Amino acid sequence: MSNRYADRSHVVKVIFIVVGVLFVGRLAMLQLFSPKYRELARQQSLRPVTQYPARGFIYDRNGNLLVHNEAVYDLMVVPRMVDKDFDVDYFCQSLGITPQDYADRMKKAKKYSQYAPSIFMKQISKEEYAKFENKMYRFKGFYISQRTLRIYDRPIAAQVLGYVGEVDQGDLDRDAYYRQGDYIGKSGLEKSYETVLRGLKGKKIMQVDVHNREVGPYKDGAFDTLPVEGMNLYTAIDADLQQYAEELMANKRGCVVALEPSTGEVLAMVSAPTYDPNLLVGRIRGENYAKLNSNWGKPMLNRAMLGQYPPGSIFKVAQAVTALELGVITPQTGFVCDKSLVGCHNHPSARSVQEAIKMSCNPYFYQVYRRVIQQGKYKNIYKDAQYGLTVWHDYMMRFGFGQKLPIDLPRSGMSTGNIPDTAYYNNPRWYGRERWAFSTIYSNSIGQGEVTVVPLQMANLAAIVANRGYYITPHVVRFYGPDSLQDEEYHTRHETGIHREYFDIAAQGMYDVVHVAGGTGRRARVDGLDVCGKTGTAQNNRDDHSVFIAFAPKDNPKIAMAVYVENARGGGGSWAAPIAGLIIERYLNGEVKRKDVEKMYREINPCQPPLPPKEKKTK
């Protein structure tokens, strides 16, 4: 009997031992080996908080602040830590959102991670945070992370400064530095100098109590890292000039690019219509972006870099100095203004290159271009044209045409324009191999035909003439950081290989355009200033574009520029030239005395109205 019960006691002991081993094993699994529960336990007592660095400021050339930061707050959530009996209604009421908003945001957060923090609501203002702060203890699983928001002190230079937006999947794939919810420069300087402006993130590990309140740094901050502030950008932009040029281009479509010839620094870059860069800041950014992007005037398009236009008669300046360098004409070469060759306005025949530039004679430059293309090197006219175009193309490339000038703005958002070469015309879609000559491409002579340029390239042409034969790569930023850093590219001098004496002739011709009777750019004249310019009227399938390039003073120039006004009746002398004259007067004299002229060009809208939307066909 006793032996029978003894056996039972052994069985009971074994059962208890087995159960105990199972419990101990399970506890060991949960506490020592399971990352899920170990992570949950850690997160309930420790909170890693990303320390976002202050983004670098942006200044103009005179030290005026263009872009700074303002503190905002992101509401973060760790879904696994939110109580099941969480008071959703009170939470939503405190934040001013609906229960459906709460459900949608929580669904997104859970999809990202049940255990890692993610943004529940971004960019809460200081005022909103002050109202919400004292209620935070009631919302377990939620906490605040501070960051900064970009503020643009003046509503100018939107396309140049760019904007900052939340990272997308492409950004995350390209750079491991970023995490979901981070912000990155999306356009303009904010994008091209992202790694300079962003700084480096830090991390702070905080201890939290059972009420989700921070009680202090973990181990006195032994594992914390401090953020490194972004470096400041010091740009070449003259904020006053930029604002003035934008005011003159109000009610218009087009662009203005102004450079300092001796350095290549961008003094102003205007694309019209424009917008207030503050519209793309904060929680309303997405809504405003959609409105701007759908606007028929395309205010987010930087026409100064993306626009591809026929250059019109401003191209004659490059043609003249190239032909002089090649020796196919001399400074005293004259041609009859024969309108049977190509149309022209009424004026006397040009007896020299200088006069031809002043009067902008189309038949003259028809003859000049013919001598460049058909140089008589080969008896076969087609082979001779192949040779001539190759030489011409090489010289045009030296001016920076037909390529992306390496400016320090995102070059993915820049056009090259088109300088056709032999491969272009040998393509079967045009004339086929060696079945073309000057007679089929003569429109290039006056900046029409297959030639297109970008407004930045036009301003660069003005700088080349101002410098008498070379240019410095255009750039917006003078230097950045405490050590005045700058890329070597923006000190590089690019020579055209054309003798200075020929540019002296071109400069004198451009002076005559503005100051001598018969010149086509008289409306750019400013008393007391030696303004040099060249008008252009770029043909278009609607009203022609008004074009003008200029520099001043004639000797030791301080500004070179291009103005382009789309679909403006009257040509370059009517609209682009007077706008350029006002901008030059403002920059060199500090003020504009011709208030009546200033008022006129600020208020008037010369542009042809947009075409009405096409009606949808009904079945």
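If R0 is 51 Å, the Cβ-Cβ spacing of residue 65 and residue 345 corresponds to a FRET efficiency of close to 0.60. Arranged from fewest to most other beta-carbon atoms within 10 Å of their beta carbon, 456, 161 become 161, 456.
Highest mean first, the peptides 127-139, 406-418 sorted by other C-beta atoms within 10 Å per residue fall in the order 406-418, 127-139.
Placing R0 at 45 angstrom, the Cβ-Cβ distance between residue 296 and residue 500 gives a FRET efficiency of 0.45 after rounding to 0.05. Amide H contacts of residue 49 (H built 1.01 Å from N, in plane; Pro and chain starts excluded): 204, 205, 206 sit under 5 Å, all sequence-distant by 5 or more or on other chains.
Determine, for 422, 274, the number of other Cβ atoms within 10 Å of each Cβ, and report the residues in order from fewest to most. Each step should come with its number before you reach the end.
On the way: 422 17, 274 23.
Ascending number of Cβ neighbours within 10 Å: 422, 274.
Put simply, when 343-354, 562-573, 368-379 are sorted by average Cβ atoms within 10 angstrom per residue, most first, you get 562-573, 368-379, 343-354.
Rounded to whole numbers, the Karplus 3J(HN,Hα) couplings from phi for segment 146-161 are 8, 8, 10, 10, 6, 10, 9, 5, 10, x, 10, 6, 4, 6, 7, 5 Hz, using 6.51 cos²θ - 1.76 cosθ + 1.60 with θ = phi - 60°, and x at Gly and Pro. Available extension along the chain between residue 153 and residue 380 is 75.3 nm, counting 0.36 nm per residue and deducting the alpha carbon span. Counting only lysines at least 8 places from residue 291 when in the same chain, those with an alpha carbon closer than 29 Å to its own are 107, 108, 122, 126, 186, 191, 252, 614, 616, 617. Taking 18 Å as the straight-line reach from the Cα of residue 534, the lysines in range (excluding those fewer than 8 positions away in the same chain) are 316, 358, 554, 558.
If you wrap segment 47-235 in the convex hull of its Cα atoms and look at it from every side, the mean projected area works out to 12.1 nm².
Residues whose amide H falls under 5 Å from that of residue 151, counting only those 5 or more places apart or on a different chain, are 68, 69, 70, with hydrogens built in the peptide plane. Our helix-only sum for the chain, with -39,500 (n - 2.57) per DSSP H run of n ≥ 4 divided by its residues, gives a mean residue ellipticity at 222 nm of -10500 deg cm²/dmol.
Residue 126 to residue 604: extension gain in nm, 0.36 nm per residue of separation minus the Cα-Cα distance?
167.9 nm
A simple spin-label model places pseudo-atoms 7 Å from Cα toward Cβ; at residue 308 and residue 205 they are separated by 5.6 nm.
Based on C-alpha pairs under 8 angstrom that are at least 6 apart in sequence, the chain has a relative contact order of 13 percent. Highest mean first, the peptides 262-273, 516-527, 433-444 sorted by other C-beta atoms within 10 Å per residue fall in the order 262-273, 516-527, 433-444. Put a dot 7 Å past the Cα of residue 179, heading toward its Cβ, do the same for residue 397, and the two dots end up 4.9 nm apart.
Model label sites at residue 93 and residue 596, defined 7 Å from Cα along the beta-carbon direction, differ in position by 6.8 nm. Backbone phi angles across segment 281-289, fed through the Karplus curve with coefficients 6.51, -1.76 and 1.60 (θ = phi - 60°), yield HN-Hα couplings of 10, x, 5, 8, 4, x, 5, 5, 4 Hz in residue order; Gly and Pro are listed as x. Computed from Cα positions, the angle between helix 315-326 and the longest principal axis of the chain comes to roughly 70 degrees.
Residue separation of residue 543 and residue 195 scaled by 0.36 nm, minus their Cα-Cα distance, works out to 120.9 nm of gained length.
If R0 is 51 Å, the Cβ-Cβ spacing of residue 113 and residue 484 corresponds to a FRET efficiency of close to 0.75. The candidate values are [x] 273; [y] 148; [z] 249; the one derived from this structure for volume of the Cα convex hull per residue in Å³ carries the label [x]. Amide H contacts of residue 570 (H built 1.01 Å from N, in plane; Pro and chain starts excluded): no residue 5 or more places away or on another chain comes under 5 Å.
FYI, it's all coordinate maths here, none of it is from the lab. Remember, it's a predicted structure, so these values are computed and weren't measured experimentally. Cβ sites come from the backbone with ideal geometry, for glycine too, and all protein chains shown count toward neighbours.
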